[in-house]
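The values are calculated or read from the model by the stated rules, or taken from the named source; none is laboratory data. What you are looking at is a predicted structure, and each value in this text was computed from that prediction instead of being measured. A quick note on method: Cβ atoms are made from the backbone with ideal geometry, for glycine too, and the neighbour counts reach across all protein chains shown. Surface accessibility is based on the protein's heavy atoms, side chains included, excluding ligands, DNA and RNA. Shrake-Rupley method; radii C 1.70, N 1.55, O 1.52, S 1.80 Å.
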There are 4 protein chains.
Amino acid sequence: MAPKVSEEYKEKKRQDLLKSAMACFAEKGYQTATIDDIVTHSGMSKGAFYNYFSSKEEIYLTLLKQSVYLSFQKLREAIQSKETAKEKLKHVFDIYSNLDFTKKSIQNHRVQIEFWIIASRNDNLIDHMKTHAKVFHDFLIEIIEEGQKKSEFSKDIKSADVSEIFWAITDGLFLHMLVEKDEFPMKRLYQTAGKMILKYLEK
Amino acid sequence: MAPKVSEEYKEKKRQDLLKSAMACFAEKGYQTATIDDIVTHSGMSKGAFYNYFSSKEEIYLTLLKQSVYLSFQKLREAIQSKETAKEKLKHVFDIYSNLDFTKKSIQNHRVQIEFWIIASRNDNLIDHMKTHAKVFHDFLIEIIEEGQKKSEFSKDIKSADVSEIFWAITDGLFLHMLVEKDEFPMKRLYQTAGKMILKYLEK
Amino acid sequence: MAPKVSEEYKEKKRQDLLKSAMACFAEKGYQTATIDDIVTHSGMSKGAFYNYFSSKEEIYLTLLKQSVYLSFQKLREAIQSKETAKEKLKHVFDIYSNLDFTKKSIQNHRVQIEFWIIASRNDNLIDHMKTHAKVFHDFLIEIIEEGQKKSEFSKDIKSADVSEIFWAITDGLFLHMLVEKDEFPMKRLYQTAGKMILKYLEK
Amino acid sequence: MAPKVSEEYKEKKRQDLLKSAMACFAEKGYQTATIDDIVTHSGMSKGAFYNYFSSKEEIYLTLLKQSVYLSFQKLREAIQSKETAKEKLKHVFDIYSNLDFTKKSIQNHRVQIEFWIIASRNDNLIDHMKTHAKVFHDFLIEIIEEGQKKSEFSKDIKSADVSEIFWAITDGLFLHMLVEKDEFPMKRLYQTAGKMILKYLEK
DNA sequence: TATGAATGAGGCTTCATTCAT
DNA sequence: CATGAATGAAGCCTCATTCAT
């Protein structure tokens with residue numbers, strides 16, 4: 001029997017649910033958001049939800065994978081045109097410091113950090129997270145080591161450590177912004193952190 | 001007429017519950033851990049729990065105040081003997097980099113970070129958090145400005161921003177350590193971050 | 001797209017729950033009857049209950065509105081055919097004195113009286129009650145004043161007071177019947193009260 | 001061994017608890033008032049409570065008996081000086097219509113009516129209630145029949161029925177007053193009811 | 001006797017998931 | 001495939017009563 005509906009139709013529904021789920025998890029958090037919230041937001045029925053995802057946890061994980069992947073894609077693309085390692089690094093700082101710190105963007109990050117915490121308690125997830133983390137990590141290491149090769153940066157420095165600190169700052173600042181909200185000078189802080197890192201990297 | 005049990009007895013029970021609660025929140029998270037988990041862990045009855053705390057939220061908040069208070073106390077004491085601002089800062093870095101990154105200590109931080117996220121969605125809690133945060137923030141600002149006065153550090157630098165970045169690194173590193181666990185070179189990373197900040201502060 | 005069950009189906013379930021609730025409240029009282037009692041009586045699940053009513057209080061209020069509404073409807077219909085005010089009043093007395101004082105009917109009144117008491121302690125409910133009471137009150141006042149206009153009744157008498165006393169007798173007799181049960185000559189008492197009131201109204 | 005404390009001491013404590021219980025039941029109702037409420041109100045301990053009463057139900061019943069007894073005592077005393085049956089009846093009406101309808105007095109009645117309802121569901125209590133009711137009932141019947149003997153009142157009238165109606169009015173009016181509160185013209189209503197009854201009794 | 005901490009059954013409500021239509 | 005009513009386990013909290021001190 002031929003399928004009753006096209007694959008595109010199904011994929012669209014799936015994406016609708018993912019979007020709604022993201023919106024709900026962002027607003028209320030994983031534990032607090034309910035399946036009802038999600039299906040109400042999406043205008044679909046509960047039955048439909050379970051046709052596409054087998055559980056609340058599954059949609060959550062799907063979301064996680066997708067969202068990490070997407071944000072990494074953006075990052076990589078943005079860098080391509082830059083020549084020197086220093087320029088690339090600066091551009092990464094720029095990207096983060098120029099994110100629109102709208103409610104939606106902040107909530108996205110909240111979900112990511114929450115993911116991180118939940119994953120840290122779940123052996124099945126923790127490897128996923130490590131893998132995701134590694135992607136970002138390697139991306140930065142690559143740039144730094146490129147700079148070291150080209151003698152832009154000091155060779156005495158452990159690239160992995162600087163990368164780690166960079167991502168720590170990123171997550172740490174977002175975490176703090178969640179509480180401080182509007183008054184938080186994210187852009188300035190990010191630029192300061194960028195200067196700090198560059199100063200450290202330079203010979 | 002006098003109470004039948006001593007104040008010490010009651011305080012001990014209270015602390016027992018706090019300890020159990022911390023263990024459960026650390027293991028399962030605030031939302032997932034149940035009152036039943038806590039009382040089972042403590043060997044007490046549910047009724048007893050409610051003699052000491054009026055709700056799950058209350059014990060959670062108590063825990064946080066206590067843990068924030070304790071860790072700040074340690075920090076302040078540790079600094080006292082140091083003369084220069086630079087030494088003080090270095091010592092702060094040392095303290096954090098020498099924390100015993102045992103399971104327990106890590107879980108403590110997990111609870112703190114988790115709370116941060118929960119609080120960020122709850123207007124009643126957010127002020128608590130800001131207050132706690134300010135304590136640590138002001139502490140660092142004080143040291144940095146002392147260093148600026150004494151001409152140890154550059155006067156062109158916004159002390160509040162450096163403080164913010166320092167705490168962002170702290171929380172960010174802990175967040176990452178939650179996932180990376182044993183392999184995470186927390187000590188080295190912290191020291192690197194310390195050097196980075198000092199280099200930036202110095203003229 | 002259309003709902004999978006008909007509106008009639010849902011309305012039937014709702015009415016089933018209302019009936020069960022009435023039975024349980026009547027048997028045990030509002031405070032003592034539990035949601036479990038109600039769902040067990042109705043053969044439904046607890047979850048189903050909460051699909052139809054949002055709380056125990058809500059089903060209770062719904063029940064009361066409904067029962068007040070129904071009994072008032074009956075009253076008003078019964079009166080229509082009568083010509084004179086005196087005949088109307090007599091008919092009201094007749095209706096009450098000929099109620100089937102079965103267990104069920106008595107229990108209905110018990111719930112009403114109980115609710116009266118609960119409402120009297122609850123500012124949110126008290127207005128509901130006043131509104132209900134006013135409906136009955138105005139109904140009687142209208143008849144009495146019609147009788148006064150037509151010179152069937154003395155014009156020196158405050159219609160509102162007689163109405164109040166009539167309803168006081170009604171509730172008072174029901175209250176006593178709750179305890180005296182079978183031996184209580186409700187019919188005769190009601191007729192006596194009717195005579196008493198008519199004698200007082202007549203010039 | 002001689003008792004450690006005097007009987008008077010114990011009786012005083014008992015009465016204190018009864019007073020507190022009455023206050024709490026009046027304010028919150030039987031089901032809603034807790035043992036904690038009562039002991040807090042009385043300044044005693046829970047243990048003490050259970051030394052004097054074996055359960056919440058017991059103190060409730062004790063209260064009931066006592067309060068019925070006391071109010072009847074007052075009634076009987078008040079009547080003594082009157083000569084004719086009509087005067088006696090009028091005086092009874094006067095007493096009720098001149099009660100201070102303060103909050104406290106109203107709440108007392110609320111508790112009584114609540115008793116009545118609870119008792120009506122409890123076979124063990126229902127006989128108690130009937131006995132109490134009979135005391136009041138017989139009291140009024142006695143007066144009415146005295147009036148019939150002395151030819152003050154019509155002999156065609158069933159004294160028991162008039163008595164029943166009188167008490168129904170009393171309870172009914174109190175019930176309504178609970179909801180209407182301040183605006184309720186209890187005094188005028190009671191006097192109107194008195195006139196109504198007397199008119200009916202007179203030849 | 002007095003104290004009040006401890007108990008634990010039981011109440012209300014939520015919500016992920018199932019399944020008949 | 002879609003619908004949404006039904007399920008029932010599980011969570012939080014209350015409170016009458018007990019009992020060690």
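Just one residue in the set B:196, B:177 is within 30 Å of residue A:122 (Cβ to Cβ) and either assigned to a helix (DSSP H, G or I) or modelled with pLDDT of 90 or more (or both); that residue is B:177. Within the stretch A:120-160, being more than 21 Å from residue B:195 (Cα to Cα), within 14 Å of another protein chain (Cβ to nearest Cβ), open to solvent by 50 Å² or more (accessible area, probe 1.4 Å) and in a loop (DSSP other than H, G, I, E, B) holds for one residue alone: A:121. Only one entry of D:117, D:106, D:95 meets the criterion of being surrounded by fewer than 17 Cβ atoms within 10 Å (Cβ to Cβ) and β-branched (Val, Ile, Thr), and that entry is D:95.
Listed here are the residues, each with its yes/no results for (1) more than 16 Å from DNA strand E (Cβ to nearest atom); (2) more than 30 Å from residue A:96 (Cα to Cα); (3) surrounded by fewer than 15 Cβ atoms within 10 Å (Cβ to Cβ).
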site: A:7; (1), (2), (3): yes, yes, yes
site: A:26; (1), (2), (3): no, no, no
site: A:39; (1), (2), (3): no, yes, no
site: A:59; (1), (2), (3): no, no, no
site: A:75; (1), (2), (3): yes, no, no
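Within the stretch B:21-42, the set of residues being in a loop (DSSP other than H, G, I, E, B) and not β-branched (Val, Ile, Thr) comprises B:29, B:30, B:31, B:33. Exactly one residue among B:110, B:14 is assigned to a helix (DSSP H, G or I), away from DNA strand F (no atom under 15 Å from the Cβ) and more than 14 Å from chain A (Cβ to nearest Cβ), and that residue is B:14. In the set (1) surrounded by fewer than 21 Cβ atoms within 10 Å (Cβ to Cβ); (2) under 15 Å from residue C:197 (Cα atoms); (3) facing chain C (nearest Cβ under 7 Å); (4) not hydroxyl-bearing (Ser, Thr, Tyr), residue D:165 fails one condition alone, (1). Any chance the stretch D:169-189 includes a residue that's more than 9 Å from chain C (Cβ to nearest Cβ), under 15 Å from residue C:173 (Cβ atoms) and open to solvent by less than 10 Å² (accessible area, probe 1.4 Å)? Among the residues of the stretch D:169-189, not one is more than 9 Å from chain C (Cβ to nearest Cβ), under 15 Å from residue C:173 (Cβ atoms) and open to solvent by less than 10 Å² (accessible area, probe 1.4 Å), which makes the answer no.
Within 14 Å of another protein chain (Cβ to nearest Cβ) and either modelled with pLDDT under 90 or more than 16 Å from DNA strand F (Cβ to nearest atom) (or both) - does that describe any residue in the stretch A:36-56? No, because not a single residue in the stretch A:36-56 is within 14 Å of another protein chain (Cβ to nearest Cβ) and either modelled with pLDDT under 90 or more than 16 Å from DNA strand F (Cβ to nearest atom) (or both). Take the conditions (1) within 18 Å of the chain's Cα centre (by Cα); (2) farther than 30 Å from residue A:153 by Cβ; residue A:33 misses just one of them, which is (1).
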